[in-house]
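The structure appears below as structure tokens.
The values are calculated or read from the model by the stated rules, or taken from the named source; none is laboratory data. What you are looking at is a predicted structure, and each value in this text was computed from that prediction instead of being measured. Heads up, the Cβs are rebuilt from the backbone with ideal geometry, glycines too, and the neighbour counts pull from every protein chain shown.
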Amino acid sequence: MVENLKKYLFTTVFLLLLLSSACITFLPSVHAQESNPDKDAPLQNNPLGLDLTKYTITTTECVQDTYLDVLPQENIRYYIDSNTSNIDIIYTIANGKLRMIDVLQTSGLPHLTKTTTEQEMAKTFLTNCQTNTNNLFYGELKTMLDEIDANKEITLTKNNMRLDITSSGDSKTYRWTYSLNGVDASEKCVVLGYSDGFLKFFIDNWDLYKIGSTNIGLTEKEAIEIAMQNAETYTWQVGPPEDAYEVVKFNLADVATTQLIFCNSLEANRNHQSQDPFVLFPMWRIGISLDKFYPGNVYGIFVDIWANTNKVRHITEVFSTLPPPADSIVSLSESAVPLNAQTADLIKTNAISTSQTAIMGLSLAGIVALSFLLLRKNTYISKQRAFKFGGLLLCLLMLVSLFSSLAIVSADPRRRATIWGSEGTGDPSRKTTAEVNQQRVTSQILSDYFKNDGYVASNYQGSKGSYRSQILAQISSNEANYDRVAVIDFNHGVGRTDYAQGYGEFHYLFEDNIGMDPSNPNYHNDNYVYDMDIHGKTTLRKTFFTLINTCLSANYSTYTTPLGNPVSQGFVSGTTHAQSMPFAWTHKLVTTTPTSTPPAGYMSSNGYTNADSGGHCYMGFPWGSAALTQQIDPAYPNVLYYLWLQDFLYGALSLDITINQALDRASYNRFGNSFGNTKLSTGFDSGWVGFATFSNCNLVIYGNGNLRLYEYFVHSPHKSYSSFGSGSVSTPNGFTGAQPDGSYTRLYALNVNDQACVTGSMGYSGADQARGRIWIYGYASSYTSRLRVYVSNDNYNWYVVNNNVIVGTGGARWIDCGNYANNFKYISLTVYRENSNDYSNNIYIDSVIVLPPLPGP
């Protein structure tokens, strides 16, 4: 009887575990696509003013992209080298015309055709542009420079062009903007930025954008009247779309902001003038404040009205990411109606993800089946004992479900990327539905960017795995199983003093998918992830890139609790409880002032201007965070934060550039300026005038902004392949791509003197300058084999990395092929049977990656 019971129990557990594992799904592999720009494209006839006779110029293939997700762009990268000076630069060409120059890095003193001031260099640049393009417009820009004092910050307007000259430290920016009687078209601009006496960036969007109308027939007073009328009938939704509420009752207070600017139809949700994103029309943006904070932390409504047609362009709610004053909050019950009659019930059960639900359903079925069998087959076992066994089984399977969202990993040399995000299902009044929807979309886009670059990436946003227990388990698993880890989180944040494990101590936090839950008095222990929790899971210090997109996520010394207690960083006195998110993730303190040489145990407080040489880069917000659907700069009403963020991570993961260079490139693209001169860096407002505590918010970078997120891998198509004797190469493209995808290149050399060789290019955009530790994912079939690995920078001179990589049978796995410290463009994988005592070779290779070296923690 006991033996039968054991059999039933074992069989049921085995079957349920098997079925549970079937519920765990893997995201499909995605291959980055490569294009081939003309490598012989000239360096635009030298607008930089360099003495090119003293340089060697190398042109590399570069990933192509689009501007505004519409206009294809060709990117060409140049390495300009001499014995004493080196320049790394990307040219971006749109519509056959130079749109942007991004000087990534300069070292040494550039060899110029003549030594001169920055203003003279700008004049020379514009003269060369006019010569290259035969466009007299550049001469007009130069004429404006002739009329000003080179040593002053100044604003000059002439012929609907406004020239602004600004300085910051060793940097100077010349910006020409289309302006009609003080009404600006910020996108229609030409910008020259200089740093340390040499060009830093050039942007020319002037000819891309057209002015669709200069008729401004709508006065400010008329625009306000239209805005008030439309705002009165506007409604918005809060909570996840499946369980949303619609806010229908609110009170308008007053007009808070008015702005007249040229704008296009991007993001418009009402009457469009033109679908062309490059046609600009005059627009009034009227901001109307509400009397209190309504669900979603909404405090106002933006109404956009075309000034030439009097038609409403766009209406949207405006909200703050910072928690509003408690006495100014209007509840759901006072202002909203559920869009789904079952919303309230669904919210309470939304904590279980789809995969967990499937597993729990199988668990329940197993318990019922087991109990039935026990009762039927074992008449001597009471019902009580049978269900005790069932309960034991349920506990076991609950543990299985707890870890069901974790990636199934073994030791993996690649990097890991994990994205979390809270949808606030415990209290749906705290996030707008538009923000939740954008969070879902952006999380998946960013996850794909990481995956395309070779990372093992997972989008755990929302119900996919953003629950406290899962998040903490994922942090531990990531650090234990991967070479390096990148983390992004979209959430509500700040902190509390009543966490059970650090009671009375202030600890910063971010919420899980449930977050604040008024129905659960213990939600602050059940649904929040605290700094002290994270610190205990990151002891290996492999989380090298962290972006925590929550309020106060980068705060470490300036916050004071409502009780008046100042909060610091490091360990709470007399405990091992970590305090502050940067310390929790990196195990480093942040310096008081920016420095590239922080003392031991510290990282730079400004990794953008003063990057240190450490192995961590932490990004966050010392005060209010940016919402994904938030306007950052009023001069760019269509540039919502998520657009900039996606540009930033696309650049960091598709180009071989540093985090800081990617910050700049995204800022050039969206704001026409370097990151350090954008409002994201200098300070944006998460509230309007009258909400003083919501101003001066900014995104900061701690540690080493010169780290690279990029991984190197073999790009498709392969370079070449060859064989000798009866050796053979099958599926020569099987070893390309960022992810193992089940397509294998086979190298076969069974007999003496047989040889098989395949050569791959390390790819585009400087990735052909790969360096670091080389890994292959593959196996040997039938018998142990030997692989030989070579690299080259010119496909002519080859260097041995490892002549003795022994590949065993037993299934595919990651195999360490050794390290190569110098740059290389090509990699060759070869099998050769030298004599009868040598290995017979039959090797299958699915993927090749090269992990660049990172500084130690």
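Residue check, ASN269 against (1) within 14 Å of GLU317 (Cβ to Cβ); (2) in a loop (DSSP other than H, G, I, E, B); (3) touching a residue at least 60 places away in the same chain (Cβ under 8 Å); (4) not aliphatic (A, V, I, L, M), all met but one. Which one? The number of the failed condition is (3).
Taking the condition surrounded by fewer than 23 Cβ atoms within 10 Å (Cβ to Cβ), among the β-branched types (Val, Ile, Thr) and either within 18 Å of LEU645 (Cβ to Cβ) or under 19 Å from the mean Cα position of the chain (by Cα) (or both), does VAL456 pass? So VAL456 passes the test. Of all residues being more than 16 Å from ARG414 (Cβ to Cβ) and of a type in the set (Gly, Ala, Ser) in segment 764-788, which is modelled with the lowest pLDDT? Just the residue, please. Filtering first and then ranking leaves SER765.
For segment 68-102, the set of residues classified as in contact (Cβ under 8 Å) with a residue 40 or more places away in the chain, surrounded by 15 or more Cβ atoms within 10 Å (Cβ to Cβ) and assigned to a loop (DSSP other than H, G, I, E, B) consists of LEU68 only.
Going through LEU208, LEU260 one at a time, which residue ends up being assigned to a loop (DSSP other than H, G, I, E, B) and among the aliphatic types (A, V, I, L, M)? Only one candidate passes the filter, namely LEU208. At least 1 residues being of a type in the set (Asp, Glu) is the threshold, and among the strands (runs of 3 or more DSSP E) wholly inside segment 289-340 those reaching it are 298-306, 312-319. The residues on offer are ALA666, ALA635, and the sole one that is under 27 Å from ASP304 (Cβ atoms) and touching a residue at least 24 places away in the same chain (Cβ under 8 Å) is ALA635.
Every condition in (1) more than 32 Å from the chain's Cα centre (by Cα); (2) of a type outside the set (A, V, I, L, M); (3) not in a strand (DSSP E or B) is met by SER179 except one, and the failing one is (3).
Among the residues making up segment 446-466, a single one is closer than 16 Å to LYS537 by Cβ and either in contact with a Leu (Cβ under 9 Å, 6 or more places away or on another chain) or at pLDDT below 95 (or both): GLY465. For segment 183-197, the condition holds for at least one residue, the condition being that it is at pLDDT 95 or above, surrounded by fewer than 20 Cβ atoms within 10 Å (Cβ to Cβ) and on the phi < 0 side of the Ramachandran plot.
Within segment 833-857, the set of residues being assigned to a loop (DSSP other than H, G, I, E, B), within 25 Å of VAL752 (Cα to Cα) and in contact (Cβ under 8 Å) with a residue 60 or more places away in the chain comprises ARG833, GLU834, ASN835, SER836, ASP838, SER840. Checking each residue in segment 106-122 for being loosely packed, with under 13 Cβ neighbours inside 10 Å and either assigned to a strand (DSSP E or B) or among the acidic types (Asp, Glu) (or both) picks out only SER107. Can you tell me which residues in segment 516-541 are in a loop (DSSP other than H, G, I, E, B) and either touching a His at 6+ places or on another chain (Cβ under 6 Å) or buried (at least 21 other Cβ atoms within 10 Å of the Cβ) (or both)? Across segment 516-541, the qualifying residues are ASN527, LYS537, THR538, ARG541.
Residue-wise test of (1) in the same structural domain as SER723 (by TED's automatic domain parsing); (2) of a type outside the set (Val, Ile, Thr); (3) modelled with pLDDT of 95 or more; (4) under 37 Å from the mean Cα position of the chain (by Cα).
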site: ASP794; (1), (2), (3), (4): yes, yes, no, yes
site: ASN797; (1), (2), (3), (4): yes, yes, no, no
site: VAL800; (1), (2), (3), (4): yes, no, yes, yes
site: VAL831; (1), (2), (3), (4): yes, no, yes, no
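The listed residues are ILE488, ILE471, ILE514, and the only one of them that is at pLDDT 95 or above, in contact with a Leu (Cβ under 8 Å, 6 or more places away or on another chain), within 30 Å of LEU332 (Cβ to Cβ) and in the same structural domain as SER573 (by TED's automatic domain parsing) turns out to be ILE488. From the list THR609, THR586, the lone residue that is surrounded by 24 or more Cβ atoms within 10 Å (Cβ to Cβ) and of a type in the set (Val, Ile, Thr) is THR586. In segment 312-338, the residues that are without any contact (Cβ under 8 Å) to a residue 12 or more places away in the chain form no Cβ pair under 6 Å with any partner that is of a type in the set (Gly, Ala, Ser), whether six or more places apart or across chains. For segment 707-742, the tally of residues that are part of a strand (DSSP E or B) and not small (Gly, Ala, Ser) stands at 6.
Every residue, every condition in (1) in contact with a helix residue (DSSP H, G or I) (Cβ under 7 Å, 6 or more places away or on another chain); (2) charged (D, E, K, R); (3) not in a strand (DSSP E or B), yes or no:
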site	(1), (2), (3)
THR629	yes, no, yes
PRO637	no, no, yes
TRP644	yes, no, yes
ASP647	yes, yes, yes
GLY651	yes, no, yes
ASP656	yes, yes, yes
ASN660	no, no, yes
ASP664	yes, yes, yes
ASN669	yes, no, yes
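Among the residues of segment 499-515, those identified as in contact with a helix residue (DSSP H, G or I) (Cβ under 6 Å, 6 or more places away or on another chain) and either without any contact (Cβ under 8 Å) to a residue 40 or more places away in the chain or in a loop (DSSP other than H, G, I, E, B) (or both) are ALA500, ASP512, ASN513. If the condition is being assigned to a loop (DSSP other than H, G, I, E, B) and surrounded by fewer than 24 Cβ atoms within 10 Å (Cβ to Cβ), then segment 418-437 contributes only ASP427. Applying the selection to segment 159-173, what residues are surrounded by 13 or more Cβ atoms within 10 Å (Cβ to Cβ), under 22 Å from ALA185 (Cβ atoms) and in contact with a helix residue (DSSP H, G or I) (Cβ under 9 Å, 6 or more places away or on another chain)? Residues satisfying the conditions are MET161, LEU163, ILE165, THR166, THR173. Each residue in segment 782-812 was checked for being free of Cβ contacts under 8 Å to residues at least 40 places away in the same chain and either of a type outside the set (Asp, Glu) or in a strand (DSSP E or B) (or both), and 19 of them qualify.
In this structure, does ILE329 turn out to be touching a strand residue (DSSP E or B) at 6+ places or on another chain (Cβ under 9 Å) and either at pLDDT 95 or above or farther than 30 Å from SER265 by Cβ (or both)? For ILE329, the condition - touching a strand residue (DSSP E or B) at 6+ places or on another chain (Cβ under 9 Å) and either at pLDDT 95 or above or farther than 30 Å from SER265 by Cβ (or both) - is met. The set of residues in segment 612-624 that are farther than 30 Å from GLY856 by Cβ and either at pLDDT 95 or above or surrounded by fewer than 23 Cβ atoms within 10 Å (Cβ to Cβ) (or both) contains only TRP623.
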